[in-house]
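> Structure below; questions to follow.
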Amino acid sequence: MNSKFNLPNKVIFCNKCVMSNQRPSSIPEFKHTFNRKGAKYLNINSNGICDACNQSEVKKMIDWKKREKKLLNLLDKYRKSNGDYDCIVPGSGGKDSAYQSHILKYKYGMNPLLITWPQILYTENGLKN
Ligand SMILES: [Zn+2]
């Protein structure tokens, strides 16, 4: 039996988060065409755990205190006290860049400059809408 969109024929679910292997992975939605070759979907390993859940476990192994110390050393190197901008945050205006800027300013005493550029290449349909 051939599935549409090159989806895996057998539907399985992650034992931790119950996400299925039918979830498209790492490709913009508009590129997900009917006969797309090389389509990738959420990988679920032989233990029944998906890549996202595995990555979540990897994050638990990171020494966050050590990383913050490295960050502080880097920030100390570039921090200015004369009111000039001392770091750049690429920002789309969303919550991620706003949060990063807030933390840089109020937790680490930096004076960040948020920059943006045309982040979206508009599709023909998007422009019509
Ligand atoms: Zn999972």
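> Taking 0.36 nm per intervening residue step and subtracting the Cα-Cα distance, what contour gain separates residue 25 from residue 84 on full extension?
Contour length minus Cα-Cα distance gives 17.1 nm.
> Okay, moving on. Using only the alpha carbons, work out the radius of gyration and Dmax of the chain in angstrom.
Final numbers for Rg and Dmax: 21.2, 68 Å.
> Would you please give the FRET efficiency between residue 98 and residue 55, computed as 1/(1 + (r/R0)^6) with r the Cβ-Cβ distance and R0 = 22 Å, to the nearest 0.05?
0.35
> Could you sort the peptides 14-22, 58-66 by per-residue average Cβ neighbour count (10 Å cutoff), highest mean leading?
The densest-packed peptide leads the list: 14-22, 58-66.
> In the full protein assembly as shown, how much of residue 44 is accessible to a 1.4 Å probe, in Å² to the nearest 10?
Looks like 20 Å² after rounding.
> So, one more: Can you give the extra length, in nm with one decimal, that the chain gains between residue 71 and residue 117 once fully stretched, where that is 0.36 nm per residue apart less the Cα-Cα distance?
Gain on stretching residue 71 to residue 117: 14.0 nm.
> Lys and Arg at +1, Asp and Glu at -1: add these up for the other residues within a Cβ distance under 15 Å of residue 78 and post the number.
Its environment carries a net charge of +2.
The values are calculated or read from the model by the stated rules, or taken from the named source; none is laboratory data. As the structure is a prediction and not an experimental result, all values here were calculated from the model. As a convention, Cβ positions derive from the backbone with ideal geometry for all residues, glycine included, and neighbour counts pool all protein chains shown. Note: accessible area is taken over every heavy atom of the protein model, side chains too, but ligands, DNA and RNA are not part of it. Shrake-Rupley method; radii C 1.70, N 1.55, O 1.52, S 1.80 Å.
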